[in-house]
Amino acid sequence: MNPTWQAEMVAMIRGAKPLSGDLFAGSATLTGEEQIAIYAEQYRLRLWDAFAEEVPGYLALAGDAGEAVVWAFLDAHPPGHWSLGRIADGFADWLASHGAPVEHSEMARLDHAVMSGFLGADGQTPRPEQLADALTGSLRLALQPHVQLLALTTSVQRTRSVWSLGGAQPAVVAGTFLVAVYRVDRAMRHVELEPGAFAALGVVARGGTLADAVTAAVAAEPERAAGRLSAWFASFVERGLVQIAP
């Protein structure tokens, strides 16, 4: 096939150009335009299935209105790879920039964290006794690749958790929710963190030392950190949130 014709057909199927039957011979039952329309419709169905798989929380929260929003995003940002992998990347930011309710953009951000975490690798989890080595600087820690930290202003993580287990979707409420999304075996989990714990993990995520993480934790909760530091860092190891830096 002529490469120029092929590029035009792909553009029509993707929705980047209006449908035209000029490149199709047609048949006894279908015009050329109807033939290309079949390919375009199949492609849109595939797009929808791929996108819905990545943002189930958003679609459950947005309800019927979510479909039109998804198509508006895809029309503005058609996927550039045949696999359609990570087709929803950028969706949360797009929602926020287009005036969507904050709970919608935050749910999309949570969906993205869940998808990223599910595909993330597993690093070497330190043993509890190795934290002392990390504190002296002889061992460096990093977040596990499957861990995502989210500072949310709505309770979308609770709504998504209940919904994913088949329960009635609870109302989203406003607040401050510091969340770590992580994987256990092949299942995604989340935990709501205290400010000091979240601050410490944030430093680890940015490549800081464990001593820096302790300093950040104390700054976030100066009155409570001394009594909570051991529990926070023990929980990081128990939940598999941190790894020995590669």
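Of all residues in the stretch 38-56, those that are under 27 Å from Met188 (Cβ atoms) and at pLDDT 90 or above have Cβ atoms under 7 Å from Cβ atoms of residues that are part of a helix (DSSP H, G or I) and among the small types (Gly, Ala, Ser), 6 or more apart or on another chain, in Val55/Ala108. Here the helices (runs of 4 or more DSSP H) wholly within the stretch 47-154 that include at least 1 residues being on the phi < 0 side of the Ramachandran plot and among the acidic types (Asp, Glu) are 65-76, 91-97, 102-119, 131-136. So which of Pro101, Pro78 is touching a residue at least 40 places away in the same chain (Cβ under 8 Å) and more than 16 Å from the chain's Cα centre (by Cα)? Answer to the selection: Pro78. Residue count for the stretch 206-246 satisfying the condition of being part of a helix (DSSP H, G or I) and either touching a Ser or Thr at 6+ places or on another chain (Cβ under 6 Å) or within 17 Å of Tyr182 (Cα to Cα) (or both): 7.
Report, by residue number, each residue of the stretch 199-219 that is of a type outside the set (Val, Ile, Thr), surrounded by fewer than 21 Cβ atoms within 10 Å (Cβ to Cβ) and touching a residue at least 24 places away in the same chain (Cβ under 8 Å). Once the filter is applied, which keeps residues that are of a type outside the set (Val, Ile, Thr), surrounded by fewer than 21 Cβ atoms within 10 Å (Cβ to Cβ) and touching a residue at least 24 places away in the same chain (Cβ under 8 Å), the stretch 199-219 yields Gly202, Ala205, Gly207, Ala211. Of the residues that make up the stretch 180-195, is at least one surrounded by 14 or more Cβ atoms within 10 Å (Cβ to Cβ), modelled with pLDDT of 95 or more and in a helix (DSSP H, G or I)? Yes.
Just give me the residues in the stretch 145-169 being in contact with a helix residue (DSSP H, G or I) (Cβ under 6 Å, 6 or more places away or on another chain), without any contact (Cβ under 8 Å) to a residue 40 or more places away in the chain and of a type in the set (S, T, N, Q), in sequence order. The answer is Gln148, and nothing else. Taking the criterion of being charged (D, E, K, R) and within 20 Å of Val173 (Cα to Cα), the only residue of the stretch 53-103 that qualifies is Glu103.
The values are calculated or read from the model by the stated rules, or taken from the named source; none is laboratory data. All of these numbers come straight from a predicted model, not from anything done at the bench. All Cβ positions, even for glycine, are placed from backbone atoms using ideal geometry, and neighbour counts span all protein chains on display.
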